[in-house]
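Worksheet: one structure, shown below.
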Amino acid sequence: MASMLEFRTQGFNPYAVKYSPYYDSRIAVASSANFGIVGNGRLFALGLSAQGIQVEKTFDTNDALYDLAWSEINENQLVVACGDGSIKLFDLGVNDFPVMNFHEHKRETFAVCWNPVTKDSFVSSSWDGTVKIWSPTRNQSITTLPIGNCTYSTSFCPSNPALISAASTDSHLRIYDLRTPPSAKYHLVSSIPVHAPQTLPGAPAQPASAPAEILTQDWNKYRDTVIATGGVDRVIRTFDIRNPAGGALSVMPGHDYAVRKLAWSPHASDVLISASYDMTVRLWSDGSMQPAMNPNGGPSVGRQLGVMNRHTEFATGVDWCLFGMGGWVASVGWDERVLLWDSNMLMAGR
Amino acid sequence: MGALDRISQIGGQISGNPTAGGRDKILQKRPDDIVVTACCRTAFTKGGKGGFKDTQAADLMTGVLKAIIDRSKINPELVEDIAVGTVLAPGGGATEMRAASLVAGFTEATAVRTLNRQCSSGLQACVDVANQIRAGMIEIGIGAGVESMSTQYGPNAVSEFSELLEGHKEAANCKVPMGVLSEDMAKDLGVSRASQDAFAAASYQKAVKAQKEGLFNEEIVPLKAKWEDPKTGETKEITVARDDGVRDGITAESLGKIRPAFAKDGSIHAGNASQISDGAAAVLLMKRSTAEKLGQTIIGKYVCASIVGVKPLLMGQGPWKAIPKALDLAGISKDDVDIYEINEAFASQCLWCANELGIPQEKINPKGGAIAFGHPLGCTGARQVSTLLYELKRTGKKVGNTSMCIGTGMGMSAVWVAE
């Protein structure tokens, strides 16, 4: 693999990386001292220049940082998910301190996602078993959705501002629709048992896999009812939220350890990328562009398009660049490195 | 926040451990938890010789029920049901136990029943009451167990099997005496005499040490009892406050000299099997919300319990099957448990179960077990709760498991948390 840009987050182990939605040359990394177990956090705002990757700004926090999301309405702002349960809004034009602090979660905040459609809110999930929806201008949350167990990942549907997904330790992917009337179900519209057996009429029952924590999930950017999940059982699965009991659409086994983070491509409807505790980043096609392989029903098996194995510690974060000819990705890992590379190179040998 | 929590979380993600975080979960305090606010037992005394040899089971039960009221300061009228596990009592002891509750200070409003699931009766009583509370049938209840083996142990415990039962091979196995089948099981599973004697001697030594350090003081309620001196025939009143089966100076070597009891070439003898004893124990249970409302001191909580069946001839394997099921129901792994109270019916079966499950010796019965201080059948399950919770508290540990094998081939186990 020839050209690969590299940046070292000296003394800090990255947990997440995100490209700016405004600039093709701006990237942010959420990182933590001591692998996020104890100690400070540091947010890096990085710029790509002719001289390589340069630090534009850093912000330090008192506890570890686990995730970040760029603001969709202000190109200089971003929120971070902090180990003390807070969410902090930083502005690249304001030194050192956050411009807003949102502190309601009672345990580690693990994920944040900005609403990409209405752009006026963001969502967070936490170890305290709740998902909270926030306005960047209010210190108190707008809505709290109770999940009941540690929730590693939450996000807005990229095409519908009322749909929120959440993935938790109890092996369920939950979908919330804020348009439903408030009730005892707190807008929960479906709860997908990710490890449940497949029940298809006329087909032999597929065995259930053991329930395992889901660590990451992402909405497909083209098919707005498809979500991919990954987690402790090492398998990536895709689901159609219109058929919550129908089981996985496709499965992508291959990682040797838990899948820490996955992201659908903004450029192709069948391509996604994943980062894992097995220190690799892998590129996949979920097989949805091929004719159905499995006429009996049951999940199709996706195809691994390539493996990036330059990280020397757990790969924890990965994101796609929205700009350019498509295919550039950023990956981060506990090896204190941020790597920018062209995923098309992984397929060059094929 | 907690660095250890974060490490264990990351560890769980990497190892793919399905019970990662399970311990966390059961340590959480919820208003609908079933909690223990008082538990105690009498001393255990040797059958036919010890301090309670002339004391009826109902009198023992009266003693511990009184102590439960004293310790918890609960208004007796609020206790809605008492379940008493007892194995040998004729008629199940139902009449006597109801009467005992009235003597102890409960009013006619408190219901009483007895039950018999052999050696797990005391645990079954606690679990039944916990389930009654969980289901909303009652708010506050007592699970208890009692056995007077001095007055009620004997050949009448089992009636003659009918021809129908005798004609069915596995059914007929249900009445093979415990000692005989345990002897065969030890032989078949290759549990050596030496390892049994070492385990039994350790039980004695742990109990002696615990007794000397006063570690039983919190759980034992001293009880006055009438006792007839076999030499003089004179009856006097004594206070029984210590397990009199615990003997100092027992080593694996000294046990090695005892003649086997059930077969000439056998390995089981009086020194490496549970003692025949008298005793009673009780546990006061209610929801956490109720306990907080009443200002009760919470000692621990009941998490869950399992019941399993095994082959009648291999009844000693009960805990080996019951413990994993209980841990499974609790969502924890065997390493998440700090102390295992495994009833020592026989050193052979207890040792075999622990070895099969890979439970380290230092986690098992830290204050000794039934080999050292006795196994009053119906009482043991309720006794283990006191022994466990006070030991967890003393050592600053949290999660405990109690279990026992059950005659005719069953096993029972429960998970508890100390607070």
- If residue A:159 passes every condition in (1) outside the structural domain of residue A:39 (by TED's automatic domain parsing); (2) over 26 Å from residue A:231 (Cβ atoms); (3) among the small types (Gly, Ala, Ser) but one, which one does it miss? (2)
- Message: Can you tell me which residue is farthest from the other protein chains (Cβ to nearest Cβ) among those in the stretch A:244-267 that are closer than 22 Å to residue B:11 by Cβ and without any contact (Cβ under 8 Å) to a residue 60 or more places away in the chain?
- Response: A:262
- Task: Please list, ordered by first then second residue, the pairs with beta carbon atoms under 7 Å, 6 or more apart or interchain, first in the stretch B:331-344 and under 8 Å from residue B:399 (Cβ atoms), second surrounded by 24 or more Cβ atoms within 10 Å (Cβ to Cβ) and polar (S, T, N, Q).
- Result: B:337/B:401
- Message: Could you check the stretch B:346-370 and list, in sequence order, the residues that are among the small types (Gly, Ala, Ser), buried (at least 23 other Cβ atoms within 10 Å of the Cβ) and either more than 14 Å from the chain's Cα centre (by Cα) or assigned to a helix (DSSP H, G or I) (or both)?
- Response: B:347, B:348, B:370
- Message: Any residue in the stretch A:22-41 that is more than 10 Å from chain B (Cβ to nearest Cβ) sitting within a Cβ distance under 7 Å of a residue that is assigned to a helix (DSSP H, G or I) and among the hydrophobic types (A, V, I, L, M, F, W, C)? List the pairs, counting only those 6 or more apart or interchain.
- Response: A:40/A:33
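Going by what's in this entry, would residue A:177 be described as within 14 Å of chain B (Cβ to nearest Cβ), among the charged types (D, E, K, R) and closer than 15 Å to residue A:190 by Cα? Steps first, answer last, please.
Working: within 14 Å of chain B (Cβ to nearest Cβ): no; among the charged types (D, E, K, R): yes; closer than 15 Å to residue A:190 by Cα: yes.
Considered against the rule, which asks whether it is within 14 Å of chain B (Cβ to nearest Cβ), among the charged types (D, E, K, R) and closer than 15 Å to residue A:190 by Cα, residue A:177 comes out as no.
Residues to consider are A:302, A:326, A:287; find the one that is surrounded by fewer than 19 Cβ atoms within 10 Å (Cβ to Cβ), modelled with pLDDT under 95 and more than 14 Å from chain B (Cβ to nearest Cβ).
Working: A:302 fails: surrounded by fewer than 19 Cβ atoms within 10 Å (Cβ to Cβ); A:287 fails: surrounded by fewer than 19 Cβ atoms within 10 Å (Cβ to Cβ).
Answer to the selection: A:326.
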- Condition broken by residue B:109, with the remaining ones in (1) part of a loop (DSSP other than H, G, I, E, B); (2) surrounded by 15 or more Cβ atoms within 10 Å (Cβ to Cβ); (3) among the small types (Gly, Ala, Ser); (4) over 23 Å from the mean Cα position of the chain (by Cα) satisfied: (2)
- Being polar (S, T, N, Q) and either more than 11 Å from residue A:61 (Cα to Cα) or in contact with a Leu (Cβ under 6 Å, 6 or more places away or on another chain) (or both) is the filter here, so list the residues in the stretch A:83-108 that pass it. A:95, A:101
- Note on the structure: Among helices (runs of 4 or more DSSP H) entirely inside the stretch B:122-213, those with 1 or more residues being of a type in the set (Val, Ile, Thr) are B:149-152, B:178-189, B:193-212
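The values are calculated or read from the model by the stated rules, or taken from the named source; none is laboratory data. Nothing here was measured: the structure is a model prediction, and the numbers come from that model. No Cβ is skipped: glycine too gets one built from the backbone with ideal geometry, and neighbour counts run over all protein chains shown.
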